[in-house]
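Asker: Dropping a structure here in structure tokens format, bear with me for questions.
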Ligand SMILES: Cc1ncc(C[n+]2csc(CCOP(=O)(O)OP(=O)(O)O)c2C)c(N)n1
């Protein structure tokens, strides 16, 4: 796998000031997302979850760090790889796992599944299965905020593969032209399904696409959750204060296949192992220890996460199966 040519320039290694108070809750969120996804992978292999299941394991620092830079009334629009984004935006593990299990108690009553999480209460506008198709939706939400003057910012997440799609270009064109308060976050995990980025993109720096639309850009590594928060906060402030959109590319890596049906044979074991050494969870934990967090406190946090996910699995398993779609159309 080729690494970006200009890594030294944009992918800087500046240390970000860290405190236990700021980092610990972000570590907890990342850990809960990982444990929830591990539990969902297990349930999927047992046939308890059907349909598609795309896991974000390895990429948790991006959605957690970015969402930490938001106000609760800001919007998030995500792809089918949306579990981490939904949890970071405040949805519970119970509601999410029940949704994956197709249960009535799920986030969208068990009718959407993994790719279609949604919560009006949390200003989470999906969960979208069409690659790049949600970028104009994010531009639309940002247009509404600007029109109403409500000061909200929209974060839109997508993979580098989506940056080759027409909807992506249309969304960026409108965001740049109308100066919309949106931050477009490319979670560059370097593969679109089994296709490495050098086989689908003529440029190695996705953030360059901002230049065609007169918008700001940024680009950095996604294994440091505090760096993600710090840099996305700059883009969020720009959007909130001046309605200037930003295209941000965060270089990251998924440790598992594209979805549960992908054994990931297009990558070498060595490559995967190399990226696992940069695991954002391991990095955050080591930094917490360096900062003086007590092992006993970290173990208590980890036990708490374990209990939260075990409770959510139990809730999902014992909940009633979703109703047919039709009654909802009639009733609501
Ligand atoms: C318009 C469209 N084309 C193709 C697909 C099939 N598909 C699903 S995910 C995917 C790869 C997208 O890769 P990327 O945007 O890099 O995101 P990642 O899955 O790596 O997070 C493709 C081609 C689709 N869902 N929608």
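What follows draws every value from the coordinates through simple rules; no lab data is involved. All figures in this text were calculated on a predicted structure; none of them were measured in a lab. Here the Cβ positions follow ideal geometry from the backbone for every residue, glycine too, while neighbour counts run over all protein chains shown.
Asker: What ranking of 193, 30, 36 emerges when the number of other C-beta atoms within 10 Å of each C-beta is taken as an exposure proxy, fewest first?
Answerer: On the way: 193 13, 30 27, 36 23.
Exposure proxy ranking, most exposed first: 193, 36, 30.
Asker: While we're here: Sorted from fewest to most neighbouring beta carbons within 10 Å, what does the list 14, 302 look like?
Answerer: On the way: 14 8, 302 15.
With the sparsest Cβ surroundings first, the list reads 14, 302.
Asker: Same structure, new question: Order 153-164, 275-286, 112-123 from most to least packed using the mean count of other Cβ atoms within 10 Å.
Answerer: Working: 153-164: 25.8, 275-286: 17.2, 112-123: 18.8.
So the order, starting with the most tightly packed, is 153-164, 112-123, 275-286.
Asker: A further question follows. Which percent of the Cα-Cα distances in the range 247-319 go past 21 Å?
Answerer: Values: 1472 of 2628 pairs.
Counting pairs separated by more than 21 Å, the tail of P(r) holds 56 percent.
Asker: Let me ask something else about it. Would you mind computing the Rg to Rh ratio of the range 68-146 from its alpha-carbon coordinates, Kirkwood style for Rh?
Answerer: Details: Rg = 12.2 Å, Rh = 12.6 Å.
A ratio of 0.97.
Asker: Could you state the principal axis extents of the C-alpha atoms in the range 115-172, from the largest down, to the nearest angstrom?
Answerer: That gives 32, 23, 12 Å along the principal axes, largest extent first.
Asker: Compute the Cα gyration tensor for the range 176-332, then decide on rounded, prolate or oblate, letting a ≥ b ≥ c be the square roots of its eigenvalues: rounded whenever a/c is under 1.5, prolate when a/b is larger than b/c in the other cases, and oblate in all that remain. Could you put the intermediate results ahead of the total?
Answerer: Details: a/c = 1.39, a/b = 1.17, b/c = 1.19.
Judged from the Cα gyration tensor, the range 176-332 comes out rounded (a/c under 1.5).
Asker: Moving on. Kirkwood Rh, the range 132-243, all Cα pairs: how many Å?
Answerer: When all Cα pairs of the range 132-243 are included, the Kirkwood radius is 14.4 Å.
Asker: Decide, for the range 217-283, between rounded, prolate and oblate: order the square roots of the alpha carbon gyration tensor eigenvalues as a ≥ b ≥ c, take rounded if a/c falls under 1.5, and otherwise choose prolate if a/b is larger than b/c, else oblate.
Answerer: It comes out prolate by the Cα gyration axes.
Asker: Along the Cα→Cβ direction, 7 angstrom out, place labels at residue 295 and residue 233. What is the inter-label distance in nm?
Answerer: 3.2 nm
Asker: Report the equivalent ellipsoid semi-axes for the chain in whole Å, largest first, defined as the square roots of five times the eigenvalues of the gyration tensor built from alpha carbon atoms. If you can, show how the numbers build up before the last one.
Answerer: Values: eigenvalues 157, 125, 85 Å².
Ellipsoid half-lengths, sorted descending, are 28, 25, 21 Å.
Asker: Compute the whole-percent fraction of alpha carbon pairs in the range 183-267 spaced more than 19 Å apart. Walk me through the intermediate numbers first.
Answerer: On the way: 1628 of 3570 pairs.
It works out to 46 percent of all Cα pairs.
Asker: Under a point spin-label approximation (7 Å from Cα along Cα-to-Cβ), what is the residue 199-residue 147 distance to one decimal in nm?
Answerer: 4.2 nm
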